[in-house]
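Working notes for the structure below.
The values are calculated or read from the model by the stated rules, or taken from the named source; none is laboratory data. Quick caveat: nothing in here was measured; it's all calculated off a predicted structure. Counting neighbours? That spans all protein chains shown, and the Cβs are built from the backbone with ideal geometry, glycine included.
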Amino acid sequence: MGGVKVETQDRVLTDAVLESPTDRRQLRSRRLVLGTALAVVFGSVGGLTYKLTRDTPVTYDDPAEHYKYGSIGSEPGGSLLGAVGGLLPPEKVFKVLPDVCPDRLPGGYASLGLVFEKGHDLPIGMSQRFRLGTDFVGVNCAMCHTGTYRASPTDERHVVLGMPANRLKLQRIFRFVLDCVMDERFTPDAVVGFIDAKGGGLGPIDRMIYRTQVVPRTRETVLEMSARVGILMGDRVTPWGPGRVDTFNPYKAMQFHWNLEQLAPEELIGASDYPSLWNQKPREGLHLHWDGNNDSLAERNLSAALGAGVTPVTADYAAINRVRDWISTLPPPKYPFPIDAAKAAKGEPVYRKYCGDCHGDGRFGQGVLSGKWLGEVTPLADIGTDAYRFRSYTFEFSENQYTLYPSTEHRFTHFRKTDGYANHPLDGLWLRAPFLHNGAVPTLRDLLEPAEARPKKFYRGYDVYDPVKVGFVSNVATDGGEAIDVYDTSLPGNGNAGHGYGTELPDDDKEAVVEYLKTF
């Protein structure tokens with residue numbers, strides 16, 4: 001070899017100086033090792049880059065499935081903000097929180113009224129999006145607008161899309177997430193351990209992301225959001241309870257960064273029932289929301305999306321419009337129990353005389369807008385119902401709404417402060433109990449009694465149906481060992497006075513009107 005030295009440490013080995021087959025094999029082997037190492041490095045970097053830059057919402061072709069589980073843009077963004085107050089953590093973290101803090105939620109998420117279907121490990125109303133290297137969850141329309149009913153305690157639950165979420169304890173969900181994430185047991189080791197125990201499938205990159213980013217930043221974000229909306233989660237406001245939500249106070253803190261501590265105490269109490277979402281098309285132009293503060297379905301939908309955690313930047317307009325199109329003609333289910341036709345026929349003229357001018361009749365689903373005051377606002381002084389929800393929506397807040405979606409076709413132009421509550425159509429009324437805007441009256445039959453004769457305390461959140469009084473059974477304290485919430489009409493915002501129309505009728509006429517309303 002002419003005295004040539006082969007140095008593997010300081011010189012580059014080349015075929016020109018290697019004549020031995022053994023030397024050439026060593027060179028090829030080292031090149032292969034080097035190439036493999038570089039491929040692993042670049043592959044890891046590429047994989048990490050792909051994970052951190054991919055933004056993929058979960059969508060569905062079927063409109064009903066999209067309504068139940070599809071993304072509308074409410075999943076967390078770069079700051080890990082979640083839905084309705086920013087308190088929902090990433091998907092895998094959300095799923096294991098009951099394991100991290102079992103004493104804080106012994107019944108699991110189902111005990112908070114979330115509706116689970118077979119084949120889905122997330123409840124109806126919770127969407128998914130892969131972003132920033134992990135799976136996020138958000139809230140869509142179906143969480144607040146899907147309810148259940150049973151014919152008896154042993155009957156299987158009937159899930160009804162578009163129905164008010166009569167069992168959903170949304171405030172309690174966020175209280176649990178807040179308390180558990182701030183618990184000393186919420187650590188990277190604990191979270192990753194429980195994810196592994198559930199078969200979460202975390203790879204090396206995922207484990208690094210969860211330990212160094214997801215878990216610490218979830219706590220930071222929840223702490224920040226708690227500072228913004230924590231006052232609404234505590235005992236300084238009347239509990240929302242099942243089937244109710246304070247729509248606009250979280251909105252004030254999240255969208256406009258108002259300091260809720262500086263608001264008048266009575267302004268912080270604004271919980272009201274979830275409305276139904278059936279037959280939306282003929283509602284265009286009617287005064288919408290409980291206080292009639294908007295008459296544009298498009299603006300109402302975008303405002304509701306903001307309440308679910310969407311921002312003007314993240315809103316998925318195409319997905320929101322898919323929901324809009326589907327609910328525009330979505331009918332309520334027909335009353336499933338027997339109806340006394342003769343009694344209903346007797347009740348029809350009584351209803352038309354005392355109720356029809358404000359609420360129309362049973363033809364609303366066919367687009368017949370009977371009722372000369374249907375969709376108009378009745379002044380608070382006339383309707384006489386609880387004023388807290390009315391006061392919570394202030395003129396100043398309505399003015400701030402005009403700053404949303406600026407310089408776009410979506411900018412709000414229809415919001416206004418009204419002087420009372422809107423007269424809504426009554427389609428699907430049998431599934432919209434309890435009644436009044438704040439859900440203060442358990443059944444239709446109770447609503448036709450003077451305020452002093454209506455129940456002062458009752459249980460709500462139980463979904464066994466009462467076909468006689470038309471509403472849900474309200475005198476049962478437990479369901480399968482779980483306590484049912486007590487609704488106390490003496491608490492601020494829970495008043496059951498007002499709406500005295502028809503309360504002086506004879507009992508026979510009242511019962512006939514109730515029978516007729518079963519046909520809506």
Point to revise | Residues located in region 280-310, provided they are farther than 13 Å from ASN140 by Cα and within 20 Å of the chain's Cα centre (by Cα) | key: GLN280, LEU288, HIS289, TRP290, LEU297, ALA298, GLU299, ARG300
Practice item. Return yes or no: is ARG460 in the same structural domain as GLU482 (by TED's automatic domain parsing), basic (Lys, Arg), surrounded by 17 or more Cβ atoms within 10 Å (Cβ to Cβ) and touching a His at 6+ places or on another chain (Cβ under 8 Å)? Key: no
Review point. Taking the stated definitions as given, is PRO239 in contact (Cβ under 8 Å) with a residue 24 or more places away in the chain, touching a helix residue (DSSP H, G or I) at 6+ places or on another chain (Cβ under 7 Å) and either in a loop (DSSP other than H, G, I, E, B) or of a type in the set (A, V, I, L, M) (or both)?
Key: yes
Point to revise | Identity of the residue in region 256-272, outside any loop (DSSP other than H, G, I, E, B) and either in contact with a Lys or Arg (Cβ under 9 Å, 6 or more places away or on another chain) or among the aromatic types (Phe, Trp, Tyr) (or both), that ends up surrounded by the most Cβ atoms within 10 Å (Cβ to Cβ) | key: SER272
Point to revise | Criterion: assigned to a helix (DSSP H, G or I) and either outside the structural domain of PRO425 (by TED's automatic domain parsing) or in contact with a Leu (Cβ under 9 Å, 6 or more places away or on another chain) (or both) - qualifying residue of ALA319, ALA298, ALA253 | key: ALA253
Check your understanding: So how many residues does region 324-355 have that are over 26 Å from ASP509 (Cα atoms), hydrophobic (A, V, I, L, M, F, W, C) and either free of Cβ contacts under 8 Å to residues at least 24 places away in the same chain or part of a helix (DSSP H, G or I) (or both)?
Key -> 2
Exercise for review: List the number of the failed condition for ARG157; all other conditions in (1) within 18 Å of CYS101 (Cα to Cα); (2) under 24 Å from the mean Cα position of the chain (by Cα); (3) at pLDDT 95 or above hold.
Suggested key: (1)
Exercise for review: Please tell me if SER407 is touching a residue at least 40 places away in the same chain (Cβ under 8 Å) and hydroxyl-bearing (Ser, Thr, Tyr).
Suggested key: no
Revision key, fill the gap. Selection from region 356-386 of residues part of a loop (DSSP other than H, G, I, E, B) and surrounded by 18 or more Cβ atoms within 10 Å (Cβ to Cβ) yields GLY360, ASP361, GLY362, GLY371, LEU374, GLY375, THR385, ASP386
Review point. Any idea how many residues of region 456-470 are closer than 17 Å to PRO242 by Cβ and either of a type in the set (Lys, Arg) or in contact with a helix residue (DSSP H, G or I) (Cβ under 6 Å, 6 or more places away or on another chain) (or both)?
Key: 2
Check your understanding: Does region 396-405 contain at least one residue that is β-branched (Val, Ile, Thr), under 30 Å from GLU515 (Cβ atoms) and part of a loop (DSSP other than H, G, I, E, B)?
Key -> no
Revision key, fill the gap. For region 293-320, the count of residues that are of a type in the set (S, T, N, Q), surrounded by fewer than 18 Cβ atoms within 10 Å (Cβ to Cβ) and at pLDDT below 95 equals 1
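Within region 374-386, is even one residue modelled with pLDDT of 95 or more and touching a Ser or Thr at 6+ places or on another chain (Cβ under 6 Å)?
Looking for residues that are modelled with pLDDT of 95 or more and touching a Ser or Thr at 6+ places or on another chain (Cβ under 6 Å), one finds at least one in region 374-386, hence yes.
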Point to revise | Meets criteria (under 17 Å from the mean Cα position of the chain (by Cα), under 27 Å from ARG167 (Cα atoms) and assigned by TED's automatic domain parsing to the domain that holds ARG363) for ASP273 | key: yes
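Any residue in region 123-137 that is at pLDDT 90 or above and over 12 Å from the mean Cα position of the chain (by Cα)?
no
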Review point. Mind checking which residues of region 158-183 are assigned to a loop (DSSP other than H, G, I, E, B), farther than 22 Å from HIS66 by Cβ and not polar (S, T, N, Q)?
Key: ARG167, LYS169, MET182, ASP183
Study note, to complete from the structure: By residue number, the members of region 115-145 that are assigned to a loop (DSSP other than H, G, I, E, B), under 18 Å from ALA64 (Cβ atoms) and aliphatic (A, V, I, L, M) are VAL115, LEU122, ILE124
